[in-house]
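Worksheet for the structure shown next.
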Amino acid sequence: MRDFLLNNVSPFPAKADANGHAAVHIAPIATGFVTHVLGKGNAKADAAHLTKLISDIAPELGATLRSPSPGQWFWVGDCDVSQGRFAEISGQIPGEYAISDQTHGRVRIMISGPQVRDVLAKGAMIDLADGVFVVGASAMTQIGHIGAMITRTDDDCFEIMVLRSFAVSLWHELHQMAAEFNGPHAG
Amino acid sequence: MSSLVKCPHCGLRPREEFTIRGEVATPRPHAGADEGTWFDHVYLRDNPRGQHREYWHHSGGCRRWLVLDRNTVTHETGDVVDASTLKTEGQA
């Protein structure tokens, strides 16, 4: 646990919701937590086992897991977790997992709208088609040259998780990618 | 170069997500091997025409080291496996 309090500051512009009227809506997800969980390479470290484990330890946080790599997960949720609570949780996680709070290091962006996949297709090189990338699916990939994790949260809604230091760059890029749908003449 | 690589963890991914390290070297010589053997192992690389096994790092995805079987003439890629499987084969 840290011995000082982190003051989490949003990396996004102050008026981040100014595009609320647009066809493609891009918004930061300001609250919530991102925790990196790493299995120590044994056979027991699988998603089902970990889901049960974290639901028992912290039922109030939900058990949304997204796997960037074999044996690794991002445990993501929408409510804020205090550092004290996180220390409690990490104390209860058994030794076959390592856990690290990454709320300060990875930020989330919500992007939605009927043309959201056309927007993402300009940067992401993975197949986001209905039958392939179903609601709930997630993938660690790249948007342009920026590494990002794309998760489909609904039919026309995706969540993008990116390292904090790339967030503004990606934010700007996403707005550029969406500009043709969000311009003043967009139908 | 074929533009899609089948990562054993992530599925079909564009080659832009990968970093190529180079050929899978022969097994590491024992510590007491003579200088020539070590020089060969560390510095000398084959440049084969045809089938070639290479280390690829999925740096834009799962960040796992993979071993990819590639034809240097046609650029067709064959088997792609996680590099940790070489350990069990005794070839790492």
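Read-outs: derived from the displayed coordinates by stated rules, not from any lab. Bear in mind the structure is a predicted one, so any value in this text is a computation, not a measurement. Don't worry about glycine lacking a Cβ; one is built from the backbone with ideal geometry, like all the others, and counts go over all protein chains shown.
A few comments on the model shown:
- As a size descriptor, the averaged projected area of the C-alpha convex hull of the range A:25-182 was calculated at 9.3 nm².
- Exposure proxy order (Cβ contacts within 10 Å, fewest to most) of A:116, B:81: B:81, A:116
- Our analysis of the range A:55-98 gives Rg over Rh at 0.95, with the two radii drawn from alpha carbon positions and Rh computed by the Kirkwood formula.
- Pairwise centroid distance, computed over Cα atoms, of the range B:23-92 with the range A:99-140, Å: 33
- Fluctuation leader among A:139, A:121, A:14 - chain A, Gaussian network, Cα springs under 10 angstrom: A:14
- Residue A:135 paired with residue B:75, simple spin-label distance in nm, labels 7 Å along Cα-to-beta-carbon: 4.0
- Within a Gaussian network of chain B (alpha carbon springs, distance under 10 Å), most fluctuating of B:19, B:72, B:37: B:37
- Computed from phi, the 3J(HN,Hα) profile of the range A:70-81 under the Karplus parametrisation 6.51, -1.76, 1.60 (θ = phi - 60°) reads x, x, 9, 9, 9, 9, 10, x, 9, 9, 6, 10 Hz, with x in place of Gly and Pro.
- FRET efficiency, 1/(1 + (r/R0)^6) with R0 22 Å, evaluated for residue A:83 and residue A:60 via beta carbons: 0.85
- Per-residue ellipticity at 222 nm computed for chain A from its helices equals -7500 deg cm²/dmol, with DSSP H segments shorter than 4 residues left out and the rest contributing -39,500 (n - 2.57).
- Considering only A:174, A:163, A:53, the Gaussian network model of chain A with Cα springs below 10 Å gives its largest mean-square fluctuation to A:53.
- Its DSSP H runs of at least 4 residues, each contributing -39,500 (n - 2.57), put the calculated 222 nm mean residue ellipticity of chain B at -4000 deg cm²/dmol, to the nearest 500.
- Global geometry of chain B, whether rounded, prolate or oblate, following the gyration tensor of its Cα atoms and the 1.5 cut on a/c: prolate
- Rounded if a/c under 1.5, otherwise prolate or oblate - the protein assembly as shown, Cα gyration tensor axes: oblate
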